[in-house]
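Chemist: Quick one: structure below, then a few questions.
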Amino acid sequence: MRSSDAQSVTARRSALRALVKLSVFFLAFILFVLLGSIFFVKTDLFARMMILEMQERNDLELVFVGSSIARDHFNVQRISEATGKRAFNASIPCLGLQGSIALTEELYRTNNPADIVLVVEPYTFETEREGIEAEDILMPWLSSVQTRIDYYKRLVAADGWYLDRLLLFRDFGAASPADILKTIGLRFFPHSTFRRLGNVAMDKGAKAVYQGSGFVRYETELRADSAVREKLQRVYTGWYYDLLPASKEMLLTYRDLLAAHGTNLLVFIYPNMTAHNLADPIFLGYNESLMRFCRKNGIDCVNFSLAKPELLPNLDRYYFDIYHLAGEGADIFSDAVARFLNLRYAGKDTSSLFYGSNGEYLDAIDYVTNVWLEKLLPGEEWNPAREQSPDMLSSQAPGWDIFLANCNHGPSVVPQYRFSALRADGSETFLTDWQEESVYSCPSGSLDALTIRIYARAPGREQETVWYDLTLSNPY
């Protein structure tokens, strides 16, 4: 054999060996990813049972699709009983539009419901991305390889996180051997694993109970009072909510997916806590822009943030955190949803059950939801949300400590404030009587090491006083 021929054969063999090694690497990598997705992803117990139940049924007529807002707040047993429709929650915590499309495609493998309600909130659209945690929970249980691929492509198109989206267990993997056993059990022995694991105790003592048909009920006496007091202060951050192009495209894709199966689509904007609506001044406007987009594109959209009390009583006292309702609140909300759907099925006009505009809704809020207090930092920009005149602040005694109160309230309310000082032994000294003046000043340092409490109320609603504490030993 000539030397050139031998070199050619050697080169071909080297190329073949390299190709074989590359193929073995890719096969091993694919096997690694599959095994990781099966065994090393810490999944959501209730999501697994929901998807399994959905795959085992073929009788669903009314399905609510969305995030934990849909899963925890739509008591589908009550809705089924009230409407006569077999209802179901197809929902995953933190789900975005990408996941809603994938989950609905999975739904259509065994069911073809007449109606689907897509449950959204502005946070569904504030970003084109879906949180990795939602993919971590949903992806392992999708039956169709094509659905998985399409889901992955939509996810990475929004954020470019190719490896993070592919190797889920890198960030949201099992944290212990028990997690691995749980995931294996849910895959191969789901019913017995669920019976063994039972209900889930959530943070701060709330107990989540899976009651079937995708509904999770929270059994807890906890309420969001402290979170409202501490977190829902009205601050103009400059953040701008908008319907981003990819969000619009995915919503239209979802509309077309349902139309291809002959399913009616209804978009529900879930109602937020009143203090949350007031604390984020552009929140309601964002809902309005979503409704305009839906009307323009032939999508029915209902804004439950504008529901009147005769349809939906105020639910604020049933929230156990800023976003989620305890079971009693879910029951009240579900009864309102069922009533609305029954009127809709009967062809009745439901417009009178909703405020006609954001302004009309805000005008109906005739009380104070929460109050807060800040100490003036001399020489620094302070509390950009303040409504008080800078001239009024400058009129205070030079060199004194200045405290400014503010609160969330309806626009027709002129709030009243009362300042007091709390000592370590629990005793309280009122510094002012009730007044509309929201500024209090005192000689510098005279209140140091005390806690300043501010009370607020709407005139004529003295029994609905709210309060907030500012501890001066560490005021900032």
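Chemist: What ranking, highest mean first, results for peptides 169-178, 308-317, 269-278 when packing means the other Cβ atoms within 10 Å averaged over each residue?
Modeler: Listed from highest to lowest mean packing, they are 269-278, 308-317, 169-178.
Chemist: Continuing with the same structure: In sequence order, what are the phi-derived ³J(HN,Hα) couplings for the stretch 440-451 according to the Karplus relation 6.51 cos²θ - 1.76 cosθ + 1.60 with θ = phi - 60°, rounded to whole Hz, with x for glycine and proline?
Modeler: Running phi through 6.51 cos²θ - 1.76 cosθ + 1.60 with θ = phi - 60° gives 10, 10, 7, x, 4, x, 5, 10, 4, 6, 9, 10 Hz.
Chemist: When only C-alpha pairs under 8 Å and at least 6 residues apart count, what is the relative contact order of the chain, in percent?
Modeler: Computed value for the chain: 15 percent relative contact order.
Chemist: Next question, about the same structure. Tell me, what is the percent relative contact order of the stretch 109-259, built from C-alpha pairs under 8 Å that lie six or more residues apart?
Modeler: Value for the stretch 109-259: 23 percent.
Chemist: To continue, here is another question. Counting DSSP beta bridges in the chain, what percent are antiparallel, to the nearest 5?
Modeler: Within the chain, antiparallel bridges account for around 65 percent of the total.
Chemist: Need the full-extension length gain, Ala364 to Leu35, defined as separation in residues times 0.36 nm minus the C-alpha distance. One decimal, nm.
Modeler: Extra length from Ala364 to Leu35 when fully extended: 112.9 nm.
Chemist: Angle check, please: helix 283-296 long axis (alpha carbons) against the longest principal axis of the chain (alpha carbons), in degrees 0 to 90, nearest 10.
Modeler: It works out to around 50 degrees.
Chemist: Work out how much length Leu252 to Leu181 would gain on full extension: take 0.36 nm times their residue separation and subtract the Cα-Cα distance, in nm to one decimal.
Modeler: That works out to 21.6 nm of additional length.
Chemist: What nm distance separates the two modelled labels at Glu288 and Val414, each placed 7 Å from Cα along Cα→Cβ?
Modeler: Result for the modelled spin labels: 2.6 nm.
Chemist: Treating only the Cβ of Lys, Arg, Asp and Glu as charged (+1, +1, -1, -1), what charge dipole size does the stretch 33-136 show about its Cα centre? Round to the nearest 20 debye.
Modeler: So the magnitude is around 280 debye.
Chemist: Between Thr110 and Arg17, what's the calculated FRET efficiency when r is the beta-carbon distance and R0 is 45 Å? Round to 0.05.
Modeler: E between Thr110 and Arg17, to the nearest 0.05, is 0.45.
Chemist: Which percentage, to the nearest 5, of the DSSP beta bridges contained in the stretch 181-318 is antiparallel?
Modeler: 60
Chemist: Which lysines does Lys153 reach when only Cα atoms under 25 Å apart count, and residues fewer than 8 places away in its own chain are ignored?
Modeler: The qualifying lysines are Lys42, Lys248.
Chemist: Using the Karplus equation 6.51 cos²θ - 1.76 cosθ + 1.60 (θ = phi - 60°), what ³J(HN,Hα) coupling, rounded to whole Hz, does each residue of the stretch 177-182 give in order, writing x for Gly and Pro?
Modeler: x, 5, 5, 5, 4, 4
Chemist: Place +1 on the Cβ of every Lys and Arg and -1 on the Cβ of every Asp and Glu in the chain, take the dipole about the Cα centre, and give the residue among Phe74, Gly173, Phe268 whose Cα lies farthest towards its positive end.
Modeler: Going by the Cα projections, it comes out as Gly173.
Here, each number is a calculation from the coordinates, and none is a lab measurement. The structure displayed is predicted, hence computed values, not measured ones. Cβ sites come from the backbone with ideal geometry, for glycine too, and all protein chains shown count toward neighbours.
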